[in-house]
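Written out below as structure tokens is the structure these notes cover.
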Amino acid sequence: MVVALADVPSGEWVELVDVPDGERRARLLRLGLLDGRVECRRRIRNGPVVVRRRGTEVALGRSLAREITVERAEPDDAPR
């Protein structure tokens, strides 16, 4: 099921499906957020969404998180 990143509860693992803006997409790709699963660490009320990938945490603004669509995924350490 595809949802907005801003709607994902803390602790859930997701894969980013679509980032609408090419510049933002390139920035997230350079940060390594588009090539695998990320964990939604925190959703700060009326603020950013914090995601983690391979030990690096990145805060994404709420408006950007609303534009990014994701699919739920298994944690990185889950057997495939």
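None of the figures in this text is laboratory data; all of them are computed from the coordinates on show. Owing to the predicted nature of the structure, the values given are computational and were not obtained by experimental measurement. A quick note on method: Cβ atoms are made from the backbone with ideal geometry, for glycine too, and the neighbour counts reach across all protein chains shown.
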**CD proxy at 222 nm, helix term only [per DSSP H run n ≥ 4: -39500 (n - 2.57); per residue of the chain; nearest 500]** = -5000 deg cm²/dmol
**Request:** Only Lys, Arg, Asp and Glu count, each charged at its Cβ (+1, +1, -1, -1), so figure out the dipole size of segment 21-69 about its Cα centre, rounded to 20 debye.
**Result:** 200 debye
**Item:** Cα-based Kirkwood hydrodynamic radius, segment 2-73, one decimal, Å
**Value:** 11.7 Å
